[in-house]
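To start, the structure under review is shown below, and the notes come after it.
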Amino acid sequence: MTDLLTTRQVQDLLKVDRITVYRMLQDGRLKGIKIGQQWRFPRAEVERFLGVSPAATAQPAISDPAFPTHCVQTIQDLFADLSQLSTVVLDMQGNPLTIVSHPTRFHQLIQSSPTGQESCRASYQSFARTSAQMKEASQVFTCASGLQYVGSPIFDRDAQIGIFLAGQFYWQPPDPREESGRLLRISATHNLPLEDLQAAARQIPVIDPAQKVRVEAWPVTAARAVMSILRERTNFMDRLQQIASLTQLG
């Protein structure tokens, strides 16, 4: 049976009021089912809007089946909870190896549009290409929607296999005129309601200048934790291979 959500549950998930939910229902952004006098919303439909549907980002595009996704996801989620920043691990082609943790409402709106998903994918690919030439422990990136990120490379057996990305923030408050024009362009490009983008933009965190150095160091620490897991996995696989070799000799 389809998992149905109440209007109140949708409000809590989307962080909007009841009127906005009904407006989204009327203009087709959400699909619902009326049961008696009450509206119910398929969970998959709400997750699609949030950009976490199976066809979108709920299932990461894993290029390495041996990558310890579950363990890394746990570290990433913990880091996101502590830092209150959005986090994700990308491979060297810009594909997510994990599910995005703590995404901003602004990012979720962009992800609700097919063209927005393509734009995010292109930004990730650009980050990955740039990270391949990274000479520093961390590097700052800006996505196509104007949000800033900090990334740190992840190595396995001396080869870079990905990047730990933390972001969806502003280093400083944006210029009102510049942001207004940017939101207008995003609204037109991705067919998203301007008022929703404006409301979501007001929730984008701005990093305190005094915290800049610390924020730049956070992904480095997280990347090291991921690399520690990769080393343990490698050592474990080596031991298994040794055991298998001994068994064959016997």
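The values are calculated or read from the model by the stated rules, or taken from the named source; none is laboratory data. Please read all numbers here as calculations on a predicted model, not as lab measurements. Quick reminder, even Gly has a Cβ in these numbers, built from the backbone with ideal geometry, and neighbours come from all protein chains shown.
Miscellaneous remarks
- Residue within the range 131-143 that is in the same structural domain as residue 81 (by TED's automatic domain parsing), in contact (Cβ under 8 Å) with a residue 12 or more places away in the chain and assigned to a helix (DSSP H, G or I) present: yes
- Per the conditions (1) in contact (Cβ under 8 Å) with a residue 60 or more places away in the chain; (2) within 21 Å of residue 218 (Cα to Cα); (3) surrounded by 15 or more Cβ atoms within 10 Å (Cβ to Cβ), the sole criterion not satisfied by residue 119 is (2).
- When residues of the range 184-239 are limited to those that are charged (D, E, K, R) and surrounded by 16 or more Cβ atoms within 10 Å (Cβ to Cβ), the one farthest from residue 113 (Cα to Cα): 216
- Candidates 219, 173, 153: the one that is more than 25 Å from residue 99 (Cα to Cα) and not basic (Lys, Arg) is 173.
- If you go through the range 84-113 and keep only what is outside any helix (DSSP H, G or I), among the aliphatic types (A, V, I, L, M) and modelled with pLDDT of 90 or more, you end up with 85, 88, 89, 90, 92, 97.
- Residues located in the range 155-186, provided they are farther than 30 Å from residue 92 by Cα and part of a helix (DSSP H, G or I): 176, 177, 178, 179, 180, 181, 184
- Residue check, residue 158 among the acidic types (Asp, Glu) and on the phi < 0 side of the Ramachandran plot: no
- Cβ-Cβ distances below 9 Å connect the following pairs, each with a first residue in the range 30-49 that is without any contact (Cβ under 8 Å) to a residue 60 or more places away in the chain, a second residue that is assigned to a strand (DSSP E or B) and among the β-branched types (Val, Ile, Thr), and a separation of six or more residues or different chains: 38/6; 39/6; 39/33; 40/6; 40/33; 41/6; 41/33; 42/33.
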